[in-house]
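Student: Below is the structure I would like to discuss, written out as structure tokens.
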Amino acid sequence: MNKVPRAMAVHDLSGIGRSSLSAVISVLSTLGVQTCAMPTALLSTDTSQFAGFSFLSLSAEMRKFMAHWQTLDLKFDAVYSGFLGSAEQVAIVGHCLDAFADKDTLVVIDPVLGDNGELYPTMTSDMVTGMRKLINRADVITPNLTEAALLLDEPCRASLDLAAARLWLRRLADLGPGTVLITSAVLENDAHGSYVLAYERASGGREFFWRVSCEYIPADFPGTGDIFTSVLLGSLLRKEDLTIACARAMRFVATGIRESLRLNAPSREGIVLEA
């Protein structure tokens, strides 16, 4: 479509923290993708490890962005959504897909809802319900294990056995997306570390399951989900195979965490992308 691939990035912007648009724009630009930001909210900091953060919803501005962009007859190679600030914004993303996504547009949705068995502070049950409907429009989704449970209305679990993992992946795909990647997943009776659990539905009814392993690193850096999905999307827009894109994204995040630990960087500010 475009000589330089163009992606619409529907995410928040945090003043402090290498997450959301700060990370998305950096990663996608490095991978040769023009990133057109539609900010969903302005926050003083990332929400996961900072208290007392400011939060400004930009729902009205999102509608103005969309209306203006429609007058410009823009074409996007991908639409990529992440942190949304309200159930209203979930619906706005659906309207963006109506306006800008066609059969050639790659739709990637990171259903940002929670982690470690809990909803994030700004999330509500209405947003979980809305996200279940929104992922019906996606080609690729990248929930973490908590988000997968929320989307499936299952109790949040610290780990899955392999049979349950396959079932969850297939059930998520039955909600609409042809490709499902569950990130930061732990398998029962498996001491290797964490995994990305992957599922792809191909033509002719064929199904593919696979997993990408990563050694466990005892650290908690916000924004790693944004970075993982951004590397994945950038790689896919470079026409790389899904399995290669998935492995590249996981390696990059793991390398970033190790480098951030080596630099003794404050974890709440995210991995040190500048390195």
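Student: Tell me, which residue of segment 7-21 that is in contact with a strand residue (DSSP E or B) (Cβ under 9 Å, 6 or more places away or on another chain) and open to solvent by 50 Å² or more (accessible area, probe 1.4 Å) is nearest to Glu88 (Cα to Cα)? Write out each step before concluding.
Tutor: Kept after step one, since they are in contact with a strand residue (DSSP E or B) (Cβ under 9 Å, 6 or more places away or on another chain), are these residues of segment 7-21: 7-17, 19-21.
Those left that are additionally open to solvent by 50 Å² or more (accessible area, probe 1.4 Å): 13, 15-16.
Numbers: Leu13: 18, Gly15: 23, Ile16: 25 Å.
Among residues in segment 7-21 that are in contact with a strand residue (DSSP E or B) (Cβ under 9 Å, 6 or more places away or on another chain) and open to solvent by 50 Å² or more (accessible area, probe 1.4 Å), the one nearest to Glu88 (Cα to Cα) is Leu13.
Student: Tally time: how many residues in segment 160-177 are open to solvent by 10 Å² or more (accessible area, probe 1.4 Å) and in a loop (DSSP other than H, G, I, E, B)?
Tutor: Residues that pass the stated criteria total 3.
Student: Out of all the residues in segment 238-257, is one or more of a type in the set (Ser, Thr, Tyr), more than 28 Å from Gln34 (Cα to Cα) and surrounded by fewer than 22 Cβ atoms within 10 Å (Cβ to Cβ)?
Tutor: First, the residues of segment 238-257 that are of a type in the set (Ser, Thr, Tyr): 243, 255.
This time we only want the ones that are more than 28 Å from Gln34 (Cα to Cα), so: none.
The answer is no, given that none of the residues of segment 238-257 is of a type in the set (Ser, Thr, Tyr), more than 28 Å from Gln34 (Cα to Cα) and surrounded by fewer than 22 Cβ atoms within 10 Å (Cβ to Cβ).
Student: Same structure again: Sort through Leu273, Leu263, Leu233 and tell me the only one that's out of contact with any Pro (no Cβ under 8 Å at 6 or more places or on another chain), open to solvent by less than 20 Å² (accessible area, probe 1.4 Å) and not charged (D, E, K, R). Outline the logic, then answer.
Tutor: Working: Leu273 fails: open to solvent by less than 20 Å² (accessible area, probe 1.4 Å); Leu263 fails: open to solvent by less than 20 Å² (accessible area, probe 1.4 Å).
The match here is Leu233.
Student: Only one of these conditions is not met by Arg132: (1) assigned to a loop (DSSP other than H, G, I, E, B); (2) more than 24 Å from Ser213 (Cα to Cα); (3) under 16 Å from the mean Cα position of the chain (by Cα); (4) not aliphatic (A, V, I, L, M). Which number is it?
Tutor: (1)
Student: Restrict the check to segment 190-202 and report whether at least one residue is among the aromatic types (Phe, Trp, Tyr), over 12 Å from the mean Cα position of the chain (by Cα), at pLDDT 95 or above and under 24 Å from Thr105 (Cβ atoms).
Tutor: Of segment 190-202, the ones among the aromatic types (Phe, Trp, Tyr) are 195, 199.
Right, trim to over 12 Å from the mean Cα position of the chain (by Cα) and you get 195, 199.
Still in the list and also at pLDDT 95 or above: 199.
Adding the requirement that they be under 24 Å from Thr105 (Cβ atoms) leaves 199.
Looking for residues that are among the aromatic types (Phe, Trp, Tyr), over 12 Å from the mean Cα position of the chain (by Cα), at pLDDT 95 or above and under 24 Å from Thr105 (Cβ atoms), one finds at least one in segment 190-202, hence yes.
Student: Does segment 187-223 hold any residues that are of a type in the set (Val, Ile, Thr) and either out of contact with any strand residue (DSSP E or B) (no Cβ under 8 Å at 6 or more places or on another chain) or surrounded by fewer than 17 Cβ atoms within 10 Å (Cβ to Cβ) (or both), and which are they?
Tutor: Taking segment 187-223 and keeping what is of a type in the set (Val, Ile, Thr), we get 196, 212, 217.
If the condition is that a residue be of a type in the set (Val, Ile, Thr) and either out of contact with any strand residue (DSSP E or B) (no Cβ under 8 Å at 6 or more places or on another chain) or surrounded by fewer than 17 Cβ atoms within 10 Å (Cβ to Cβ) (or both), then Ile217 is the only one that fits.
Student: Would it be correct to say that Val107 is open to solvent by less than 60 Å² (accessible area, probe 1.4 Å) and under 21 Å from Ser86 (Cβ atoms)? Lay out the reasoning, then the answer.
Tutor: Working: open to solvent by less than 60 Å² (accessible area, probe 1.4 Å): yes; under 21 Å from Ser86 (Cβ atoms): yes.
So Val107 passes the test.
Student: So, in segment 22-40, exactly how many residues are open to solvent by less than 20 Å² (accessible area, probe 1.4 Å) and outside any strand (DSSP E or B)? Break it down into steps so the answer makes sense when it comes.
Tutor: To start, the set of residues in segment 22-40 that are open to solvent by less than 20 Å² (accessible area, probe 1.4 Å) comprises 23-24, 27-28, 33, 38, 40.
Then drop every residue that is not outside any strand (DSSP E or B), which leaves 23-24, 27-28, 33.
Of the residues in segment 22-40, 5 are open to solvent by less than 20 Å² (accessible area, probe 1.4 Å) and outside any strand (DSSP E or B).
Student: Next question, about the same structure. When you go through (1) open to solvent by 40 Å² or more (accessible area, probe 1.4 Å); (2) closer than 24 Å to Gly234 by Cβ; (3) out of contact with any Gly (no Cβ under 9 Å at 6 or more places or on another chain) one by one for Glu118, which number turns out not to apply?
Tutor: Exception for Glu118: condition (2).
The values are calculated or read from the model by the stated rules, or taken from the named source; none is laboratory data. Nothing here was measured: the structure is a model prediction, and the numbers come from that model. Counting neighbours? That spans all protein chains shown, and the Cβs are built from the backbone with ideal geometry, glycine included. Note: accessible area is taken over every heavy atom of the protein model, side chains too, but ligands, DNA and RNA are not part of it. Shrake-Rupley method; radii C 1.70, N 1.55, O 1.52, S 1.80 Å.
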